[in-house]
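Below: the structure, in structure tokens.
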Amino acid sequence: MRKPFAVTVLPLLLAGAFILHMALTTTYWHETIRAFSNDELSYPQRRAQYGFHGLTYDEIRLRLNEIMPNDARVALSPELLKDDFFVQRLTESIYPRLVDRTARNLLDVAAVDPKVTSTDTLVLQ
């Protein structure tokens, strides 16, 4: 006995339409092509460019280690907390230092103002 069209073909068409929609409306393909492009970047440079929006994560960790003890926790600014992907990458990059919303030290990204001399906020240019 033959199965009805709605049971055999329709689910496949629906799945295909969903996959096509997902492929055309996300940045997956653009990011994949960009990641495999021959742009003469090393892995650390590419990771900093794509994962950290151009910030050099090693410099962030080293600067934090210079100005505060390793067990000092940091909080991320509201501006940094807007991008969950960036928060995850930044948290990984400064590990084993803990990110704690209630920490006294605030990590922020901003234009450098030479008049600001506060040591409670680490500003990354």
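Each value in this text was obtained by applying a stated rule to the coordinates, not by laboratory testing. The structure displayed is predicted, hence computed values, not measured ones. Neighbour counts are summed over all protein chains in view; Cβ atoms, including those assigned to glycine, are modelled from backbone coordinates with ideal geometry.
Of note:
- Restricting the calculation to Cα atoms, the range 1-76 yields a radius of gyration followed by a Dmax of 23.2, 76 Å.
- Sparse-neighbourhood loop sites, trypsin sites (Lys or Arg not before Pro) in the range 6-114 - DSSP loop, at most 11 other Cβ within 10 angstrom: K82, R101, R104
- Counted charge near D39, where neighbours are those whose Cβ lies closer than 14 Å (Asp, Glu -1; Lys, Arg +1): +1
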